[in-house]
1. Given (1) touching a residue at least 24 places away in the same chain (Cβ under 8 Å); (2) out of contact with any helix residue (DSSP H, G or I) (no Cβ under 7 Å at 6 or more places or on another chain); (3) not basic (Lys, Arg), where does residue 133 come up short, assuming only one miss?
2. Quick check, is residue 282 of a type in the set (Asp, Glu) and either at pLDDT below 95 or not assigned by TED's automatic domain parsing to the domain that holds residue 184 (or both)?
3. Among the residues of region 25-50, what is the count of those that are in a strand (DSSP E or B) and either surrounded by fewer than 16 Cβ atoms within 10 Å (Cβ to Cβ) or away from the ligand (no atom under 13 Å from the Cβ) (or both)?
4. Of the conditions (1) under 17 Å from residue 308 (Cβ atoms); (2) under 15 Å from the mean Cα position of the chain (by Cα), residue 163 clears all except one; give me its number.
5. State the number of residues belonging to region 83-118 that are under 19 Å from the mean Cα position of the chain (by Cα) and within 12 Å of the ligand (Cβ to nearest atom).
6. For residue 135, are the conditions met, namely being modelled with pLDDT of 95 or more, under 28 Å from residue 162 (Cβ atoms), part of a helix (DSSP H, G or I) and of a type in the set (Lys, Arg)?
7. If a residue must be of a type in the set (D, E, K, R) and within 14 Å of the ligand (Cβ to nearest atom), how many such residues does region 51-61 contain?
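The values are calculated or read from the model by the stated rules, or taken from the named source; none is laboratory data. Every value quoted in this text rests on a predicted model; they were computed, and no experiment measured them. Counting neighbours? That spans all protein chains shown, and the Cβs are built from the backbone with ideal geometry, glycine included.
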Amino acid sequence: MKRVAVGVIGTGFWGENQVRVFRQSRMADLVAICDSNKKRAEEMGTKYSVPWYSDPSKFLRVPELEAVTVCTPTQTHLKVGLQAIEAGKNLFVEKPMTGEERAADRLVNSAKKAGVKLLVGFIERFNPGVRAVKKMLTQKVVGDVIIATGRRVARWPIRIGDVGVVKDTAIHDIDAMRYLLEEEVSAVFAQTGSLRTHSYEDYAEIMLRFKEGTTGFIDANWLTPRKVRTLIITGSDATINLDYITQEITLENSQRLVKPFTPWAEPLKLELENFITTILRDTEEAPSGEDALKAIRVCDAALRSGKSKTLVTLNAN
Ligand SMILES: NC(=O)c1ccc[n+]([C@@H]2O[C@H](COP(=O)([O-])OP(=O)(O)OC[C@H]3O[C@@H](n4cnc5c(N)ncnc54)[C@H](O)[C@@H]3O)[C@@H](O)[C@H]2O)c1
């Protein structure tokens, strides 16, 4: 079986998980890693027995390198991503793909021009629970969907200092809802604010109107002491509850409550396998840079709505 030679750039908290998954993969050869913090790069290189670099341009010159994942802080994604594209590498960029719409647009266009793949880290699409919910929605198990309610709360992860809870956290729910409902957001109303001293919002209650009339509601914050990540789909005939963390599903109507079994699997493993398969089979990227761009637009609309306290409409085509 053909394998893809990959490298990870940014081997902090999340990048280390990617290094671990690639190290165990039968589809990828992890040929190099890079972190601008030399101590961290060396520590990860030694722990996972992989050549390490602290200079991204030297890392990108590793001759066999075909594909790169970007796990650096969000505000560096554009610069690091463009460097990788210029070096001709296929690219997987962690969410949020960039901090701003204009930067996302640049990355999408540059990848297109260079003819390299660009995928984005919307990991929930690879959560087996989400996959099972998608199947149920396709089979119309709940009838017509009325509202999707997402709750994603925890304490503030202090290392995330360059975006707020909307672009760091709620963006997962925005993409998951776009993916599950197969609809675009046409209007956003949000209340946002910050109870802490950092410069970004740490709570957001976001109401989305999807083009066909479905409602999305997202409660995201960095204030709740316990990590909760849930989704409720309320339909005309039944309701689905998903716990993103345990991947458990409950399906309920007025007669019965069932808990369909979905075998647990690590979403990150499935997500990175999808990146590799997309390269090997030369297939369409999903989730793509365009998906990232659309989610960032919804985030920006939520932030604008939070500031202006008004409804913000979007072009939902
Ligand atoms: N998909 C998910 O569920 C998920 C989970 C956690 C984090 N993330 C994303 O991953 C990214 C990284 O988050 P994190 O929590 O690992 O942060 P982190 O601060 O723990 O790690 C970032 C690493 O990048 C290194 N770095 C900074 N600038 C660099 C550069 N220009 N070149 C090379 N290395 C550089 C830092 O030294 C650090 O080790 C963020 O975009 C975050 O949103 C995604």
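1. All conditions pass for residue 133, except number (2).
2. Values: of a type in the set (Asp, Glu): yes; either at pLDDT below 95 or not assigned by TED's automatic domain parsing to the domain that holds residue 184 (or both): yes.
Here the answer is yes, as residue 282 does meet what is asked.
3. Filtering region 25-50 for residues in a strand (DSSP E or B) gives 28-34.
With either surrounded by fewer than 16 Cβ atoms within 10 Å (Cβ to Cβ) or away from the ligand (no atom under 13 Å from the Cβ) (or both) added as a condition, the list becomes 28-31.
Residues that pass the stated criteria total 4.
4. Only one criterion in (1) under 17 Å from residue 308 (Cβ atoms); (2) under 15 Å from the mean Cα position of the chain (by Cα) is unmet by residue 163, namely (1).
5. Of all residues in region 83-118, those under 19 Å from the mean Cα position of the chain (by Cα) come to 90-108, 111, 117-118.
Cutting the leftovers down to within 12 Å of the ligand (Cβ to nearest atom) gives us 92-99.
Count: 8.
6. Details: modelled with pLDDT of 95 or more: yes; under 28 Å from residue 162 (Cβ atoms): no; part of a helix (DSSP H, G or I): yes; of a type in the set (Lys, Arg): yes.
It is false that residue 135 is modelled with pLDDT of 95 or more, under 28 Å from residue 162 (Cβ atoms), part of a helix (DSSP H, G or I) and of a type in the set (Lys, Arg).
7. Within region 51-61, the first condition is being of a type in the set (D, E, K, R), and the residues that meet it are 55, 58, 61.
Imposing the further condition that a residue be within 14 Å of the ligand (Cβ to nearest atom) reduces the set to 55, 58.
Matching residues across region 51-61 total 2.
Residues checked against (1) hydrophobic (A, V, I, L, M, F, W, C); (2) surrounded by fewer than 23 Cβ atoms within 10 Å (Cβ to Cβ); (3) touching a residue at least 24 places away in the same chain (Cβ under 8 Å); (4) away from the ligand (no atom under 15 Å from the Cβ):
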site	(1), (2), (3), (4)
139	no, yes, no, yes
143	no, yes, yes, yes
167	no, no, yes, no
171	yes, no, yes, no
183	no, yes, yes, yes
